[in-house]
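Every number here is computed from the coordinates shown, using simple stated rules; none is lab data. Small disclaimer: the values here were computed from a predicted structure and weren't measured. All Cβ positions, even for glycine, are placed from backbone atoms using ideal geometry, and neighbour counts span all protein chains on display.
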Amino acid sequence: MTKLPLGITPRGLTREQAAEYCGCETLDAFDNWVRREIVPGPIPGTKRWDRRAIDRALDRRSGLTADIGPSIDEWLAKHG
């Protein structure tokens, strides 16, 4: 496996990386955020979290962006 160039942050995060990215001190705290739908779960069919989906969820939850429609998880739940 090759390394990403310096300064490039991976987009697909492991559960541990996603928890750390969110500032959760424990994996249980992160799992609780996922259960409470503060942040989305892993990308369907994977064990990876999309960093940009986490950003979008936290931006929406924090009121930093207007509600611009359903998240991909919400859309898939209705149309999948």
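Observations, loosely collected:
- For the chain, a Kirkwood radius taken over Cα pairs fed into Stokes-Einstein (25 °C, viscosity 0.890 mPa s) yields D = 181 µm²/s.
- Free of any GluC sites (Glu not before Pro) that DSSP assigns to a loop and that have at most 16 other C-beta atoms within 10 Å, the longest stretch within the chain is 38-80.
- When +1 charges are put on Lys and Arg Cβ atoms and -1 charges on Asp and Glu Cβ atoms, the dipole computed for the chain relative to its Cα centre reaches about 280 debye.
- Estimated vicinal HN-Hα couplings, Hz - the stretch 53-60 in sequence order (Karplus 6.51, -1.76, 1.60; Gly, Pro = x): 5, 5, 4, 4, 5, 5, 4, 5
- In the stretch 12-62, the trypsin sites (Lys or Arg not before Pro) that fall in loop regions by DSSP, at most 13 other Cβ within 10 Å: ARG36, LYS47
- Contact order normalised by residue count of the stretch 12-68, Cα under 8 Å, 6+ apart, percent: 34 percent
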